[in-house]
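Asker: Can you read through this structure? Questions will come right after.
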Amino acid sequence: MKYIYITNGRADKVPQYQELYDLLKKLPQPYEVYTTLGEGDGTRFVRLYCDLHPEEEVCFVACGGNGIIIEVASGLVGYSEYKKQNSKFTMAILYIGGTTKDILINFPGRNFLSVKEMLAGSVTPVDIIKINDSYSLNVCNIGFNSKVASRANELVAKGKSAHEAYTRGVANAILTSRFNRIKVTVDGERITRGYMVLCTLANGRRVGGEFNCAPNAKVDDGLIEVCLFRGMSLLRLLMLIPLYRKGEHIGSRLGKNKVIYRQAREVEVSSKDLIDVYLDGELLTGTHFNIKVLPGALPLRLPPVNV
């Protein structure tokens, strides 16, 4: 098997990458290193490589954090969807220089920092969520949460830590994004009435490094965890946020009649005005979104569980 290590354009500024390159030269496995040229290039590269080398057995290794992980996953799943067939292509993850570990939290007990652990891993099919023509491996945010994530990204770009950026993003959204008229339909059932605060469509459990938005989520159950906060007073929202952080908002007394929870296979989101959907680092803007789960669509090479 050949391994293609995909890094982003900032790799040369992170010392761990030079250590990776030095290690790869000592290993017997055939490999290449590809450095992306800009946003979305990882997805384009994977699809093009698969198209040009359909008979090869290749593992694409996403080196970095959430951004490069979802780019590689999107390329691989997008290629498979287009070809409508199984292939010998798989994906692995090396967590180097990322800002958050939201995606990796879904795989406890596994070492995503080690090349040798990755090479010793085995392939597990995991679900991925498709939003129009984009993909999410972890969580899609609508309303309040998309505003939080957008502001957090701005602050991270200015040098703030992911924790500080997300916390400040929450404070900003409390003031600017509590009243959203967005229609959400889950497997044919409309679950919105009047204003909504936020809605998460989750394959994974955590967002923003610490907010346990979907505590029941599993990446291999073929379901989307849908959690919607209806319109509520500022006081109630402020009291719910600590529960949301700990994953105790579902079924809570404070959330009664205000926190709606469903498991779904397909979700439709629409609005008369332009809205943002934030997924794994990507911001989509539009008025209508079709969301569905693709069960077992991503062949992910996971390191062995450390007992």
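The values are calculated or read from the model by the stated rules, or taken from the named source; none is laboratory data. Because the structure is predicted, anything quoted here is derived from the model rather than measured. These area figures cover heavy atoms from the full protein model, side chains too; ligands, DNA and RNA do not enter into them. Shrake-Rupley method; radii C 1.70, N 1.55, O 1.52, S 1.80 Å.
Asker: Helix 15-24 versus the longest principal axis of the chain: what is the Cα-based angle in degrees, 0 to 90, to the nearest 10?
Answerer: It is inclined by approximately 40 degrees.
Asker: Sticking with this structure for a sec: Could you look at the chain and say what percent of its accessible area is carbon and sulfur, using a 1.4 Å probe and all protein chains? Don't skip to the answer; put the middle values down first.
Answerer: Numbers: 7040 of 14310 Å².
Answer for the chain: carbon and sulfur cover 49 percent of the accessible area.
Asker: Related question: Hey, what's the Kirkwood Rh for the chain if you take every pair of different alpha carbons, in angstrom? Could the numbers behind the result be given before it?
Answerer: Values: mean 1/r = 0.0502 Å⁻¹.
Result for the chain stands at 19.9 Å.
Asker: For Lys258, which lysines qualify as cross-link partners when the Cα separation must be under 16 Å and same-chain residues fewer than eight apart are set aside?
Answerer: Of all the lysines, those that pass the test against Lys258 - Cα under 16 Å, at least 8 places apart if same chain - are Lys183.
Asker: I would also like to ask the following. Note the angle between two axes, namely the Cα long axis of helix 66-83 and the longest principal axis of the Cα atoms of the chain, as a number of degrees from 0 to 90, rounded to the nearest 10.
Answerer: Helix 66-83 sits at roughly 80 degrees to that axis.
Asker: For Tyr49, what accessible surface area do you get with a 1.4 Å probe? Give it in Å², rounded to 10.
Answerer: About 20 Å², rounded to the nearest 10.
Asker: Counting only heavy atoms of the protein chains, get the accessible area per residue of the chain (1.4 Å probe) and round it to a whole Å² value.
Answerer: Values: 14310 Å² over 307 residues.
Here the residues of the chain average 47 Å² of exposed surface.
Asker: Starting from the Cα of Lys256, draw a straight line to each of the lysines and keep only those under 20 Å, dropping any in the same chain fewer than 8 residues away.
Answerer: In chain and number order, the partners are Lys246.
Asker: While we're on this one: Quick one: angle between helix 234-246 and the longest Cα principal axis of the chain, in degrees between 0 and 90, rounded to 10, please.
Answerer: Roughly 30 degrees, rounded to the nearest 10.
Asker: Here's another thing I want to ask about it. Lysine pairs in the stretch 1-146 with Cα distance under 18 Å, only those 8 or more apart or on different chains: how many are there? Display every interim value, and only then the final one.
Answerer: Numbers: Lys2/Lys25; Lys2/Lys26; Lys2/Lys88; Lys2/Lys116; Lys25/Lys116; Lys26/Lys116; Lys83/Lys130; Lys84/Lys130.
Step by step, the pairs that qualify in the stretch 1-146 add up to 8.
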